[in-house]
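Here's the structure, in structure tokens; my notes come after.
The values are calculated or read from the model by the stated rules, or taken from the named source; none is laboratory data. As the structure is a prediction and not an experimental result, all values here were calculated from the model. Counting neighbours? That spans all protein chains shown, and the Cβs are built from the backbone with ideal geometry, glycine included. All accessible areas refer to the heavy atoms of the entire protein, side chains included, with ligands and DNA or RNA removed. Shrake-Rupley method; radii C 1.70, N 1.55, O 1.52, S 1.80 Å.
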Amino acid sequence: MNKSLVVNNKIYIETYGCQMNVADSETVAGIMDLNDYEIALTIDGADVIIINTCSVRENAEKKIWNRLDFIKSIKRKNKNIVVGIIGCMAQRIGVKMLEHPVVDFVAGPDAYRDLPELINNSYLNKKYCNTDFNIKETYSGITQKKQSNEDISGFIAITRGCDNFCSYCIVPYTRGRERSADYNDIISEVKKLKQNNFKELTLLGQNVNSYYFEDNKNKVNFPSLIEMVAITAPEIRIRFTTSHPKDLSDELIDVIARNKNICNHIHLPVQSGSNKILERMNRKYTREWYLNRINVIKSKIPDIGLSSDIFCGFSGETEDDFQQTLNLMEDVCYDMAYMFKYSERPGTFAAKSLCDDVPEDVKKERLNRMIHLQNKISLKKNKADIGKTFEVLVEGFSKRSDNMLFGRTEQNKVVVFPCLNKKRGDTVMVKIKEASSATLKGDIINS
Ligand code: SAH
Ligand code: SF4
Ligand code: F3S
């Protein structure tokens, strides 16, 4: 029997994984909006549930399987609900995901324009999977739709895909080859965000530094793109992520230094501090190259906020290699780091050719030591901010108290402070008086 075609057209999109997936969910919401769907803010009452998935580590995929088991209970109550899997795990596993009893359709990251068709087919009880790559797809012409009207922060994907093939990483296989969006489209998106009173925007790509777009008028690289964006919207805070250390140029550092509204924060994933491991990872830079980038950044932008991605337990990592990672973390003094243990991903070069030879208990123990060290470094860096005053963009009420607000400095540090009638979207000056490893606390001044 066919599912009922009489539905309320309410769609709920759930997002896992990185900021690129958050941006993609907004693109999907934009596509569905054009097709007369209404975006539901909760799963209750939705006719269509879309899960935007991540494959980066095994645990990311486990989370999705568990979620699907939960959705089984929702579907038992309402058989007309359509469930779709999109994103990186959809791409990696493909048509086999349709074998799960709740899954009605599967779409990879280049197939989102096909979603209305896939949903219609689900109502006819036809289960389809579209995981075709499309090297031209940048979702040009689709306006992203925010899931709430109160948004102050927007994302623009300036590149999609990745050509770097770090040996451990699944992303080049799930996202396909790298392509850059037309800078004219990017600038018109920026103008839209400006009109809608956005206060912050983040330019996204797996490696934003390799952005390049050429037409008959201009040749635009990343430093010139971000400067164009900064000049187009001088009242908006501009952020960007991720930067690959091999491509982070002096030209970019100069552009950040001279444009006031480009935030003084660089997320520069190092992954490991050992040259032997960096080579096995195919990262294409050395520890010395990386530290030189950091030194140039610090000398040109003294109040820079620095963060990183680091993981331990990669193939061949000895205690000595790991010590070199800890040592680099101390040298750089990151404000913040995302830390992981290596998770082998099927199909990658590492899975095919390098042995996953660090035992699980050693990985866990190294990860704990790494986290412990970073907490100490973050605390030291945050304490150094006591007495300083920062411009803070207010994001909302603090989790712990309705009398306190929280926001971020341009270095991307979270600050908590008393309300004083301020609200989400306001910019305030806050003087820091207390610090923990995760947060700064202070008071608004001159308001
Ligand atoms: N394009 C970005 C982000 C990639 S995924 C970049 O190049 O930095 C985010 C982070 O996940 C990576 O930086 C890396 O630290 C981690 N990661 C990727 N693959 C992993 C794996 N197989 N096991 C553990 N961590 C991994
Ligand atoms: Fe993965 Fe490396 Fe590409 Fe980042 S740069 S997405 S870590 S392959
Ligand atoms: Fe995950 Fe894909 Fe992002 S694997 S980290 S959602 S690019």
Subject >> Lone cysteines, the chain (no partner Cβ under 4.7 Å) >> reply: Cys18, Cys54, Cys88, Cys129, Cys162, Cys263, Cys312, Cys333, Cys355, Cys419
Subject >> Calculated from backbone phi, Karplus (6.51, -1.76, 1.60) coupling profile of region 25-35 in Hz, x at Gly/Pro >> reply: 4, 6, 5, 4, 4, x, 5, 5, 4, 4, 9
Subject >> GluC sites (Glu not before Pro) restricted to region 192-269 and DSSP loop, no more than 13 other C-beta within 10 Å >> reply: Glu235
Original post:
What's the extension gain from Lys217 to Lys77 if we count 0.36 nm per residue and subtract their Cα-Cα distance?
Top reply: 44.6 nm
Subject >> Surface share of carbon and sulfur [accessible, 1.4 angstrom probe, percent] for the chain >> reply: 49
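Pairs Lys63/Lys441; Lys194/Lys413; Lys276/Lys364; Lys199/Lys276: which exceed 32 Å Cα-Cα?
Listed pairs above 32 Å: Lys63/Lys441; Lys199/Lys276.
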Subject >> Val82 long-range amide H proximity, modeled H, under 5 Å >> reply: Val48, Ile49
**OP:** Heads up, I need the accessible area for Thr15: 1.4 angstrom probe, whole protein in place, Å², nearest 10.
**Re:** 60
**OP:** Describe numerically, in nm with one decimal, the distance between label points set 7 Å from Cα along Cα→Cβ at Lys284 and at Lys300.
**Re:** 2.0
Original post:
Hey, can you rank 57-65, 70-78 by average C-beta count inside 10 Å, highest first?
Top reply: 57-65, 70-78
Subject >> Per residue accessible area of region 1-119, 1.4 Å probe, in Å² >> reply: 43
Original post:
Under a straight-distance cross-link criterion of Cα-Cα below 19 Å, which aspartates and glutamates are reachable from Lys72, leaving out those fewer than 8 residues away in the same chain?
Top reply: Glu14, Asp44, Asp47, Glu61, Glu99, Asp104
Subject >> Mean Cβ count within 10 Å, highest first, over the residues of peptides 337-350, 402-415 >> reply: 402-415, 337-350
Subject >> 3J(HN,Hα) from dihedral phi, region 413-423, Karplus parametrisation 6.51/-1.76/1.60, rounded to Hz, x for glycine, proline >> reply: 8, 7, 10, 10, 7, x, 4, 6, 6, 8, 9
Subject >> Scaled radius of gyration (Cα, divided by 2.2 N^0.38 Å) that the chain gives >> reply: 1.01
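Shape verdict for region 389-445, please, from the Cα gyration tensor: rounded (a/c under 1.5), prolate (a/b greater than b/c) or oblate.
It comes out rounded by the Cα gyration axes.
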